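The values are calculated or read from the model by the stated rules, or taken from the named source; none is laboratory data. Everything quoted here is computed from the prediction, not taken from an experiment. Heads up, the Cβs are rebuilt from the backbone with ideal geometry, glycines too, and the neighbour counts pull from every protein chain shown. Just the protein is used for accessible areas: all its heavy atoms, side chains included, with ligands, DNA and RNA removed. Shrake-Rupley method; radii C 1.70, N 1.55, O 1.52, S 1.80 Å.
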Amino acid sequence: MTQQRNNFQADPLSVLTDTFGRLHNNLRISITDRCNLRCTYCMPEENVNYLDRAEILSYEEIVKFIRIVSKLGVNKIRLTGGEPLVRQNVHELITQINQIEDVEDLGLTTNGILLESLAEDLYKAGLRRINVSMDTLSEETFKKLTRREGLDKVIAGIKKAQDVGFDPIKINALSIRGITEETLVDLADFSRETGIEVRFIEFMPLDADNEWERDKVFFAAEIIETLSKEIMPLVPVQTEKTSPSTSYEFKDGIGKIGIIASVSRPFCENCNRFRLTADGKLRNCLFSMEETDIKSALRNPQFNEEELLDQIRSSIQSKNAGHAINTAQFIQPDRPMNSIGG
Ligand code: SF4
């Protein structure tokens, strides 16, 4: 980050800073809106309007965009979906991204269903950091939440990723009142047994069915209270300033817990993230209501890099201070989570 700050002092156009002084060096790229699960907090059960394949950025276009945006100090890339592993040959994209010198950190978020079979190829391609979404260890709750079977595959995928050597592996577990509390302690025990960090994420208003309500969120304070009572006290540990997750460990030092309190303790003031959707739209915030079309620029026969750089800069310059979930002004984005990306 200091390097970016030095670059900014040297040449403000060489980094991406918004009007609140937040440096943006972390790009999340959704490589597909398709998924092999139907999570209730993300997708509709039926009639999913997937993007046409022709609308989806090719791997070449994604790599071209990363090369360009890395000139603005963007050095952290996370691949998301939908479910990124349902797209063919993701390992080839990872190989290409790893050849971009300025990319210092490359991660991927998956639901784990295909991880066991693809872990080795992803690792050989140079991927080292992986987040797996697993909201519960109860087969019944898994089926209720994802509308599919497959918890055993997710657990097998995590074990395979650990065996192959991925590090860090993190578990992302959504916290929904009345559905996931029962499994909090099991997931914390999973972390104590495996050494894998489990991050609990407050349920956010991004579901396709627009059924999010504040009282459906099981809040950070309640998660900490439950785990401290049921297992032992949690102790806060040093957390990276721009990280959305606040880290804890149990008093005996066994098990790592993260809390992503998007609703009750927003972390927007240190946000360094922006997103690229699978159909080539730039979103300066998970909850932004505006998007910038960069696909047209990428596909323009008279491609002009400076124009694209200006588009990226103005997208970040128009970023709001944060989400407005806790205000009466809040409007849920009209794009469901599967077509924004985690
Ligand atoms: S809600 Fe938007 S501004 Fe806040 S942390 Fe998320 S992406 Fe950043």
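How about region 193-215: which of its residues are of a type in the set (A, V, I, L, M, F, W, C) and open to solvent by less than 20 Å² (accessible area, probe 1.4 Å)? Walk me through how you get there before you give the answer.
Quick first cut of region 193-215, residues of a type in the set (A, V, I, L, M, F, W, C) only: 196, 198, 200-201, 203-204, 206, 208, 212.
Those that are of a type in the set (A, V, I, L, M, F, W, C) and open to solvent by less than 20 Å² (accessible area, probe 1.4 Å): I196, V198, F200, F203, L206.
In region 159-191, how many are under 22 Å from E202 (Cα atoms) and assigned to a helix (DSSP H, G or I)? Outline the logic, then answer.
In the first step, residues of region 159-191 are kept if they are under 22 Å from E202 (Cα atoms); the result is 168-191.
From what's left, assigned to a helix (DSSP H, G or I): 181-191.
Selection size over region 159-191: 11.
Here's the yes/no breakdown for (1) farther than 21 Å from P205 by Cβ; (2) touching a Gly at 6+ places or on another chain (Cβ under 6 Å):
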position: L23; (1), (2): yes, no
position: S30; (1), (2): no, yes
position: V48; (1), (2): no, no
position: R53; (1), (2): yes, no
position: I56; (1), (2): yes, no
position: V63; (1), (2): yes, no
position: I68; (1), (2): yes, no
position: L79; (1), (2): yes, no
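Among the residues of region 286-308, those that are more than 13 Å from the ligand (Cβ to nearest atom) and crowded, with 17+ Cβ neighbours inside 10 Å comprise E291, T292, I294, K295, A297, L298, L308.
Just name the residue that is farthest from S245 (Cα to Cα) out of those in region 260-285 that are part of a strand (DSSP E or B) and near the ligand (Cβ under 8 Å from one of its atoms). Looking at the filtered set, the residue picked out is R275.
Against the definition (open to solvent by 20 Å² or more (accessible area, probe 1.4 Å), on the phi > 0 side of the Ramachandran plot, in contact with a strand residue (DSSP E or B) (Cβ under 8 Å, 6 or more places away or on another chain) and of a type in the set (G, A, S)), how does G112 come out, yes or no? Here the answer is no, as G112 does not meet what is asked.
Considering only residues that are open to solvent by 30 Å² or more (accessible area, probe 1.4 Å), of a type in the set (A, V, I, L, M) and without any contact (Cβ under 8 Å) to a residue 24 or more places away in the chain, which ones fall in region 226-257? Please lay out each step first, then the result.
If we filter region 226-257 for residues that are open to solvent by 30 Å² or more (accessible area, probe 1.4 Å), which is where we start, we get 226, 228-233, 235-241, 243, 246, 249, 251-254, 256.
If we keep only those that are of a type in the set (A, V, I, L, M) as well, we get 231-232, 235, 237, 254.
Listed by number, the residues that qualify are M232, V235, V237.
The criterion of being among the acidic types (D, E) and more than 13 Å from C39 (Cβ to Cβ) does not hold for D135. Give the residues of region 1-50 that are open to solvent by less than 70 Å² (accessible area, probe 1.4 Å), more than 20 Å from the chain's Cα centre (by Cα) and modelled with pLDDT of 95 or more, sorted by residue number. Selection gives T17, D18, G21. Checked across region 91-107, the condition of being over 20 Å from V69 (Cα atoms) and of a type in the set (S, T, N, Q) holds for no residue. Filtering region 144-191 to residues that are open to solvent by 20 Å² or more (accessible area, probe 1.4 Å) and in contact with a Phe, Trp or Tyr (Cβ under 7 Å, 6 or more places away or on another chain) leaves V164, G165, L174, R177, E181.
Any idea which residue in region 247-259 is nearest to the ligand (Cβ to nearest atom), counting only those that are in contact with a strand residue (DSSP E or B) (Cβ under 9 Å, 6 or more places away or on another chain) and assigned to a loop (DSSP other than H, G, I, E, B)? Ranking the qualifying residues of region 247-259, first place goes to G255. Could you grab me the full set of residues in region 309-333 that are more than 12 Å from the ligand (Cβ to nearest atom), in contact (Cβ under 8 Å) with a residue 12 or more places away in the chain and part of a loop (DSSP other than H, G, I, E, B)? Matches in region 309-333: S318, I331, Q332.
Consider R192 carefully, then state whether it is out of contact with any helix residue (DSSP H, G or I) (no Cβ under 8 Å at 6 or more places or on another chain), basic (K, R) and either farther than 23 Å from A324 by Cβ or free of Cβ contacts under 8 Å to residues at least 24 places away in the same chain (or both).
On the way: out of contact with any helix residue (DSSP H, G or I) (no Cβ under 8 Å at 6 or more places or on another chain): yes; basic (K, R): yes; either farther than 23 Å from A324 by Cβ or free of Cβ contacts under 8 Å to residues at least 24 places away in the same chain (or both): yes.
So R192 fits the description; yes.
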